[in-house]
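The values are calculated or read from the model by the stated rules, or taken from the named source; none is laboratory data. In this text, all values refer to a predicted model and were calculated from it rather than measured experimentally. A quick note on method: Cβ atoms are made from the backbone with ideal geometry, for glycine too, and the neighbour counts reach across all protein chains shown. Note: areas computed on protein heavy atoms with side chains; ligands, DNA, RNA excluded. Shrake-Rupley method; radii C 1.70, N 1.55, O 1.52, S 1.80 Å.
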Amino acid sequence: MKQQQYQRPTMAPQNSSRDTIGYIHIGKTGGSTISNLLRNGCNSFSSSSSSGNTPCHPNIPNETIISKLVEYYYHVPDFWRLPTSNHQTYIISIRDPYDRTISSLLYHHPDNVKYYDIKETKKQKYYGPIVYHKCFPTLEIFSSLLTIPTTTETETNCNYPYPPSYMEIGNCTEFACAAIHGKIRFFVHLFFNYRNILYTKIPTTTSTKSSTTTNLAKDQQQRQIYVIRQEYLENDWSIINKIFEEKESKSESESVGGGIVNSNIPTTITRTTAITATAITATTSFRNISGIKLPVTRDISLEGRNKLCIALKTEYIAYFELLQKALNINDNDMKKSIQIAASNCPILKF
């Protein structure tokens, strides 16, 4: 009986996906760990993806309600699908912008690549050594190329008049500015940043083909957003699962078919989510490089840190906007995330 229940995703048809969840994996936020806990946790380029009838992770032990409700997994290959998606609810993996940016820069550095379990594209293999060795051999040199904007400039004002797919590295200063502000597709995790996802990818309201006045208010609803912070991944994952477990119980007790019912944030974690917490710990091992000394490190001077932080000011704005929208984040959670940001970027005021 258990084998049978895992044979197909328990998800609504595409035209009814408003009642399901879309999981958005923003790069370098611990999203790969979460994806391994989702039956539909693969992108459309995977050999077994969530776009078909067979889940890519069909036999998850102690499967959670979130795994059952997530209809589609959105990562780099599928971000373009987000604007036309119609989920009522999105769960987004996030991380402090400073840490996420540094992780991204070091992750794709050609001198560090062999220490990570990643497959480089032909473009990455060709341009990586050229770009990094010429312009960004270290994090300190990258930050030194960033200029502090004048009072008449914005943080994202770069003299880089090229399309995102174009690579012009004649001027390393302008190239660094364009990279940090998500203007170059080659730096994939910097390109798909919080501003990109929040302001251009996630639709603001759900909609259906119904055009009747009676259903208009119901069909035009604000999206519900939940976030999983990498810094508190286990706790956020457990809390969100608890929220949806309570919603399901309330829905069943009130005999409400489909949809998602509002619920208060729980203060306790059930056995189901506690078991899943153990699974989270287990799934992090495949990219765990703790204890390994990378050739290119996080070392950076105070001046370099400050320049990088100033360049990330608009990214922090979008990051905290996501936190404010998230239904699972309370005042104490927000305070903790602000403390991390203030520790990483004391030059900025949060």
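With K and R counted +1 and D and E -1, the other residues having a Cβ less than 15 Å from that of ASN332 yield a net charge of -1. Each Lys or Arg adds one and each Asp or Glu subtracts one; over the other residues with Cβ under 15 Å from the Cβ of VAL131, this totals +2. For GLY27, neighbours were defined as the other residues whose beta-carbon sits under 12 Å from its Cβ, and their charges (Lys and Arg +1, Asp and Glu -1) total +3.
A full extension of the chain between GLN324 and SER44 corresponds to an added length of 97.8 nm, given 0.36 nm per residue minus the alpha carbon distance.
Per-peptide packing, taken as the mean over residues of other Cβ atoms within 10 Å, places 227-235, 141-149, 128-136 in the sequence 227-235, 141-149, 128-136 from highest down. At 1.4 Å probe size, with the rest of the protein present, what percent of the exposed accessible area of segment 65-207 is carbon and sulfur atoms? For segment 65-207, the apolar C and S fraction of the accessible surface comes to 54 percent. Surface exposure of segment 99-174, expressed per residue as accessible area with a 1.4 Å probe, stands at 56 Å². Based on the Cβ-Cβ distance from LEU294 to SER249, what FRET efficiency comes out when R0 is 45 Å, to the nearest 0.05? Once rounded, the FRET efficiency stands at 0.45. Taking each residue as 0.36 nm, the span from ASN62 to ASN159 lengthens on full extension beyond its C-alpha to C-alpha distance by 29.7 nm.
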